[in-house]
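So the structure is just underneath, and the comments pick up after that.
Where a number appears in this text, it was derived from the coordinates with a stated rule and is not lab data. What you see is a predicted model, and the numbers here were worked out from it, not measured in a lab. Ideal geometry is used to build each Cβ from the backbone, glycine not excepted, and the neighbour counts take in all protein chains shown.
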Amino acid sequence: MERTLAIIKPDGVARGLVGEIIGRLEREGISIIAMKMIWMTKGQAKAFYKVHAGKPFYEGLTGFMCSGPCVVMVLEGKEVIDTYRELMGATDFKEAAKGTIRHDYATDIEKNVVHGSDGPRSAAFEIAYFFNELEILKR
Ligand code: UDP
Ligand code: MG
């Protein structure tokens, strides 16, 4: 079993896509083992995305991520990191495969509706960034 962090970004929440995205996860058989709504400060968004510090899109991205509420979730499943990244689609929605969340809903390379961890190390950091162990379901 593997865990990953998923975020429905401020554009997804503002456009009423929370139910649609959670439905896709459920239909895929992915378990949601923690979930909450948050509204990040700029500082929190910058620390979350610190791997991208210094890149040209860092200011825009972190400004966007604190522009409204997000839904953050911990997902669990066999190979869920890759399974969920496949559901999301490529970062740039123009390159995202048909039927992926970003293909179907993203409007911009920045405003691409969802976030997912890119590997086990980032998943561990990102889950611990938003959730303590008491907030995560144990089965
Ligand atoms: N991003 C952007 N411009 C870029 C690349 C990325 O605005 O050229 C934003 C986009 O919202 C993306 C996030 O920065 O989801 C993090 O980038 P990353 O390369 O980690 O993509 P992801 O893992 O989200 O697919
Ligand atoms: Mg990434």
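How much length is gained if the chain between residue 129 and residue 52 is pulled fully straight, taking 0.36 nm per residue apart and subtracting their Cα-Cα distance, in nm to one decimal? Working shown, then result.
Numbers: separation 77, 0.36 × 77 = 27.72 nm, distance 1.60 nm.
Taking residue 129 through residue 52 to full extension adds about 26.1 nm, to one decimal.
Considering only Cα-Cα distances, which of the following residue pairs are longer than 25 Å: 36/138; 78/98; 78/111; 36/78; 50/78?
On the way: 36/138 17 Å; 78/98 23 Å; 78/111 28 Å; 36/78 23 Å; 50/78 28 Å.
Long pairs (Cα-Cα over 25 Å): 78/111; 50/78.
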Simple spin-label estimate for residue 139/residue 41, 7 Å along Cα→Cβ, in nm, reads 3.7
Short to long, in 10 Å steps from zero, the percent of alpha-carbon pairs of the chain per bin is 12, 45, 37, 5, 0
Going from the fewest other Cβ atoms within 10 Å to the most, one would list 17, 137 as 137, 17
